[in-house]
1. Please report Rg (one decimal) and Dmax (integer) in Å for the Cα set of the chain.
2. Between S15 and K116, what length in nm is gained on full extension when 0.36 nm per residue of separation is reduced by their alpha carbon distance?
3. For the chain, what is the mean residue ellipticity at 222 nm derived from helices alone (per DSSP H run of n ≥ 4: -39500 (n - 2.57); sum divided by total residues; nearest 500 deg cm²/dmol)?
4. Kindly provide the chymotrypsin sites (Phe, Trp or Tyr not before Pro) of the range 89-122 that DSSP labels as loop, not H, G, I, E or B, and whose Cβ sees at most 10 other Cβ atoms within 10 Å.
5. With a point put 7 Å past each Cα toward its Cβ, work out how far L93 is from F74 in nm, to one decimal.
6. Could you point to the residue in G95, W84, L53 farthest towards the positive end of the chain's charge dipole, with +1 and -1 charges on the Cβ of Lys/Arg and Asp/Glu respectively?
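Derivation of every value follows stated rules applied to the coordinates shown; laboratory data play no part. This one's a predicted model, so the numbers in the text were calculated from it and none came from an experiment. Glycine also receives a Cβ, built like all others from the backbone with ideal geometry; neighbour counts cover every protein chain displayed.
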Amino acid sequence: MLEPYSPLTFIIALSILNAVGMLATSAFFSWFTKTRRKTPTKLAPYESGMPVLGDARERFSVKFYLVAVLFILFDIEAVFLYPWAVAFRQLGLYGLVEMVLFILILLVGYLYLLKKRALEWE
């Protein structure tokens with residue numbers, strides 16, 4: 001009865017074993033090399049090897065949020081395009097018209113952003 005779930009059970013067990021193994025290996029090497037001392041360097045935040053500059057609570061420009069919304073908009077468009085492309089033959093002309101309208105609506109939003117110069121980083 002539960003035979004179809006055996007591959008899933010195997011993957012979950014393998015994932016848990018992998019995680020526990022990595023934690024145990026890390027703890028072993030940490031204990032073996034005695035590197036548990038907390039130093040100011042270890043406690044400092046690490047960001048790409050660069051020293052921390054400024055406060056983390058600085059304000060961002062509105063253009064940053066516009067670009068983020070634009071990214072989400074076109075990401076969602078791609079999510080809707082894949083199933084449409086798979087079912088294109090079954091949808092026929094109706095599906096084509098609906099997708100053209102969808103892309104035109106997104107194009108209007110993109111042209112609005114270009115008109116407002118939201119994509120220019122001055």
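1. Cα radius of gyration and Dmax of the chain are 25.5, 69 Å respectively.
2. Length gained, S15 through K116: 31.5 nm.
3. Numbers: 4 runs with 85 residues, N = 122.
Only helices count here, giving -24000 deg cm²/dmol.
4. Answer by residue number: W121.
5. 3.3
6. Of the listed residues, the answer is L53.
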